[in-house]
Amino acid sequence: MADETYRLVLEQLSSIFKLDENMQTLRRKLEELSCQETDINSELKNAELLIKGKKRKREVENWLKNLEQKRNEVQTIEQGLGERRFYSHVKYGKRVKKMIEEVDNLVQQGRFPEGIMIDACETRVDLLPTTRLVGETSQRNLEKVWACLMNDEVLSIGIYGMGGVGKTNITMHIYNRILEYIERFDYVSWVTVSQEFSIQRLQNDIAKAMGLDFSDEGDEKRTAALLFKGLMKRKNSVLILDDMWDHFSLEKVGIPIGVNGCKLIVTSRSLDVCRRMGCQAIIKVEPLPKEEAQMLFTEILGHNKALKPEINEISEAIVDKCAGLPLGIITMAGNMRGIDDIREWRNVLEELKESTRQGDMESDVFPILKFSYNRLRDLKLQLCFLYCALYPEDSYIERKELIEYFIAEGLMDGRKSRQAEFDLGHSILNKLENVCLLESVKGIRYDRCLRMHDLIREMALKITGSSPRYMVKAGMQLRELPDEEEWIADLEKVSLMKNEISTIPSATSPMCPNLSTLILRENPLERLPYRFLLHLRALSLLDLSHTEIQSLPNSISDMECLTALFLGHCEQLIYVPSLAKLKEMRVLDLSYTKIKRVPQGLENLVNLERLNMHHTWYLETIPTGILSRLTSLQQLVLDYSSEHVRVQAEELMSLSNLEEFEGQLYDLDGFNWYVQSQHYRGLSSYSLQVRPDDCHNRSAYIENDDKYDKEVRLVNCCLTGGREGGGVPLFLPHDIQYLEINECQTAAGGLMDVVSSLNHARELKACAVVHCDRIECILSSPPSCSSSNAHFQSLEKLYLLGLQNLSALFKWGLRGGDAVPLNGTFSNLKQFDIIGCPNIKKLFTPRLLQHLHNLELLYVWECKLMEEIISLGDEEDNETAAMFECSGNSSNQSSSYSHGTDGTAISFPRLKRLSMQKLPELKSICKGEMARDSIRSIEVIRCPKLKRLPLSLHPYNEQQSPTCPLEEIVIDDKQWWESLEWNSPSQKNFLQPFVRFY
């Protein structure tokens, strides 16, 4: 015992006497840990910004938290030892020794041999759109599910209740909450289970939700193994299977519940399904009690004032008929919005009382939904609503695509113009949204999409089971056509879109004399047999788009009732038979096909309103005279990437009903003639290109994120300012929004000299000048002091690419120096790209900055003589100063720069991104300081002579929040970063955490 006590005393004394040595070791190891932290943070930023579908591991988050905790503990020890008291040394001596071991452990843990990032499903980013939960009952159900989810003992949760009771809405709230609770959950995947259930389909849907693709795997067992392996890698994950109609074996699908924290949530209308799925916790979602149901009804109704007592009494009776089902309440309230007439309220209640009760599980909600359909009254509205049921379950339906269908089906009759038809289509869809029969969602490609609630779609399919009669088997993974007995005589519409049908037997010939619509799009269909169309004489719309069909059968030539033929994205299609007899045709879509010649008889389609031949690369020509005979055309889209497909200006001008045009004219003379004819003024959108016959353009087109309604592209044209110079004067449409000048021969002056009609382009939003080697500047002569019009005042994007002789943006004055244009020029510019311009040395002058207060994105790449981005040293000549004064606002405009004792403070108040790449002579961004008002990203790649980052530690505007918006400084050379000159050590310390390597 005495020996043990002696040993402990010696150990304690050793800790005290070696405390200084141990503290130095601890500080050194903590510094090593801090360097490790910096590297990991840089790697995290790099991966999260550049690698799609990745997120940091939770163990990395925990490591960073532990490191911060250790840092605080060391700081506490430092403060305690600073008191220089003996008991402090006794207190901390042993603790310091143990802390060294703990820091060593943290260093080892921070190696992360398996990486610091994990895959994250794409749905991780976006919250699901939900309806607000009203009342205590819904909130209580939500918290029940959440409590089960947080219980480590509960691995699977079942949520059940009748259709329309709100199961999916509650689960969507759970999904969104999981997304925000990153401390507990790493992954969440949402899968809506189709009523047409199959193991293989469910496996593919789960894989898709995880960002994987097992569609090529034909074997269920192999797919199950791959899915199991993929889910096992995802620690702390939640899989949600919504709207299950039948049970299945988890092992057979490949769902590893309980492995690595994987949990399952199931929603179903059946308690039995939840039980047979082995759910450990089962929660029933009950209908809303009367008070909460009335509260939801009132909220959706949206009355700013209280209902009249007599109307309020009727509304309560209507809510009672909804049986506490949120979907029914929402639908009914949407129908009654804006109705104040008590007689109409009484009539609605009476109709509800008379509704026939169904005998299935939806007996309480279906009459409500059917009532909403009946109250549409207008047959056109009802048909448009039923049309949405032709899409697969849970589809996101693009509004534009849907309205195109409506137009093709003749549902917009009576409207004279295409624009009027679209306005009517949007109005109809808005009405269907307002009565809650459709819901608005955000799609992947388009913001404005629609979706049909599955119960409402079921109601629509019940209606179309009798009159009008539809056959809808969309998105069911069918490999063959439905059986012959399903093609009954009174069918009006058939939708087989998004299946796996690749062949149709040659003898197949449905006897459907009333069939008007057949949708086979998005099937791997290779051939349509001759006999298939023989008995479909009433067919008016045939959609074969996105199939692999190579040719159409000749039997299509006799389908004289056909008004719409969709063949877009049939990328193997090379042959279309004669269309001469199809004089009722109004829509013909041949985009993205391999046809070499226009279909025979095209000129006979005198009622054709929409002709789309976009991206028909193999098309050899359009014979002169065909288009001019299509006098009903409202939309004409031709392929302007082809060297052969052109239209004569006279033909285009003869189309008096044209509203939308995209295509290529023969030459500049024809283009000018067309513009001077003013025909373009009748177009709501146009994309006009001019490219001479002998042009073989080598330049890539500018990729714009924004699609402009009114565009002009000039490719390899002679723009030398007049016939005496070998060129042709150019006339531009007054409402042009985008102009591209690509590989054109020009005079050596400025852009305004080349295209003088730009003076009148008051709506120009974007301009690209590409590989025009002789252009020396943008503006080469000053505006008159009496002029009130600024150049490029509306411009938002400017692209200058490959301009070999560009030496300045603006050039005039007594000595030809840089100058600034009339006040207002570039005042709306948001993005400026200057790339591959080897002769320009200095980009902006201080006075020019005053015009760039809206600039957000600046890209300066591959300009080999560029020395300064913002030049402050050169004196501006007297003529330039005088011109700036005559702009009238120089004293009133808020300045973008101000002189200080140490130079100049520069401010781009809205600049978010500054990117500089491959600038071998760049020595300076600016000689003063650049305020960090809004800059989020700075990129410096291969700029070896740049010795200073002028980013200020303080905002230019003193009233602005001191919070720094900076997110990253991207560099490619660590040595370059270490060699930079700094205004102060604090500047480097401030910027260091934002650095990541390219």
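Take 197-204, 737-744 and order them by the average number of nearby Cβ atoms within 10 Å per residue, most first; the result is 737-744, 197-204.
Compare the peptides 845-851, 615-621, 295-301 by average per-residue count of other Cβ atoms within 10 angstrom and give them in order, highest first. All intermediate terms of the calculation are to be shown ahead of the outcome.
Values: 845-851: 22.0, 615-621: 16.6, 295-301: 19.1.
Ranked by mean Cβ neighbours within 10 Å, highest first: 845-851, 295-301, 615-621.
Note on residue 989 and residue 526: the extension gain reaches 160.3 nm, defined as 0.36 nm multiplied by sequence separation minus the Cα-Cα distance. Per residue, the solvent-accessible area of the range 206-306 (1.4 Å probe, heavy atoms of protein chains only, all protein chains present) comes to 50 Å². Length gained on full extension, residue 108 to residue 534, computed as 0.36 nm times the residue gap minus the Cα-Cα distance: 145.8 nm.
Cα gyration tensor of the range 210-261, axes a ≥ b ≥ c as square roots of the eigenvalues: rounded (a/c below 1.5), prolate (a/b > b/c) or oblate? Verdict is oblate for the range 210-261. Taking the alpha carbon gyration tensor of the range 452-535, multiplying each eigenvalue by 5 and rooting it gives semi-axes of 22, 17, 9 Å, largest first.
The residues of the range 504-600 present an accessible area of 39 Å² per residue when probed at 1.4 Å with all protein chains retained. Placing +1 on each Lys and Arg Cβ and -1 on each Asp and Glu Cβ, with no other charges, gives the range 366-444 a dipole about its Cα centre of roughly 340 debye. Under the combined filter of DSSP loop state and at most 10 neighbouring Cβ atoms within 10 Å, the range 392-451 retains these trypsin sites (Lys or Arg not before Pro): 416, 445.
Tell me, what is the FRET efficiency for residue 575 and residue 915 to the nearest 0.05, using R0 = 45 angstrom and their Cβ-Cβ distance as r?
Values: r = 49 Å, r/R0 = 1.08.
Computed FRET efficiency for residue 575 and residue 915: 0.40.
Annotation: amide H-H contacts under 5 Å for residue 921 (H modelled 1.01 Å from N, sequence separation of 5 or more, or interchain): 866.
Expressed as a whole percent, the accessible surface of the range 495-593 that belongs to carbon and sulfur atoms is 48, based on a 1.4 Å probe. Every Cα-Cα pair in the range 525-682 was counted, and those over 20 Å apart are 48% of them.
Full-extension gain between residue 492 and residue 600, please, as 0.36 nm times their residue separation minus the C-alpha to C-alpha distance. Walk me through the numbers on the way to the answer.
On the way: separation 108, 0.36 × 108 = 38.88 nm, distance 2.95 nm.
Contour length minus the Cα-Cα distance gives 35.9 nm.
Listed by chain and number, the lysines placed with their C-alpha closer than 23 angstrom to that of residue 416 are 380, 400, 431, 583, 710; residues fewer than eight positions away on the same chain are left out. For the range 586-635, applying the loop criterion from DSSP together with a ceiling of 13 other beta carbons within 10 Å to the trypsin sites (Lys or Arg not before Pro) yields 596.
Per-residue 3J(HN,Hα) values for the range 544-558, derived from phi via the Karplus relation 6.51 cos²θ - 1.76 cosθ + 1.60 with θ = phi - 60°, read 10, 5, 6, 10, 10, 5, 9, 8, 9, x, 5, 5, 5, 5, 9 Hz in sequence order (x marks Gly and Pro). Overall, the accessible surface of the range 406-470 at a probe of 1.4 angstrom is composed of carbon and sulfur to the extent of 45 percent.
Using the Cβ-Cβ distance between residue 506 and residue 584 with R0 = 35 Å, the FRET efficiency computed as 1/(1 + (r/R0)^6) comes to roughly 0.80. Extending 7 Å from the Cα toward the beta-carbon at both residue 337 and residue 280 defines two label points whose distance is 4.4 nm.
Between amide H atoms placed 1.01 Å from N, distances below 5 Å from residue 928 occur with 904, all of them 5 or more places distant or on a separate chain. Applying the criteria of a DSSP loop state and at most 16 other Cβ atoms within 10 Å to the trypsin sites (Lys or Arg not before Pro) of the range 289-326 yields 305.
With respect to the cross-link table entries 65/442; 797/923; 284/498, which display a Cα-Cα separation exceeding 30 Å?
Violating the 30 Å Cα-Cα cut-off are 65/442; 284/498.
The values are calculated or read from the model by the stated rules, or taken from the named source; none is laboratory data. Everything numeric here is computed off the predicted structure, so don't read it as measured data. For neighbour counting, all protein chains shown are included, and Cβ atoms are generated from backbone atoms with ideal geometry for every residue, glycine included. Calculation scope for accessible area: heavy atoms of the full protein, side chains included, ligands and nucleic acids excluded. Shrake-Rupley method; radii C 1.70, N 1.55, O 1.52, S 1.80 Å.
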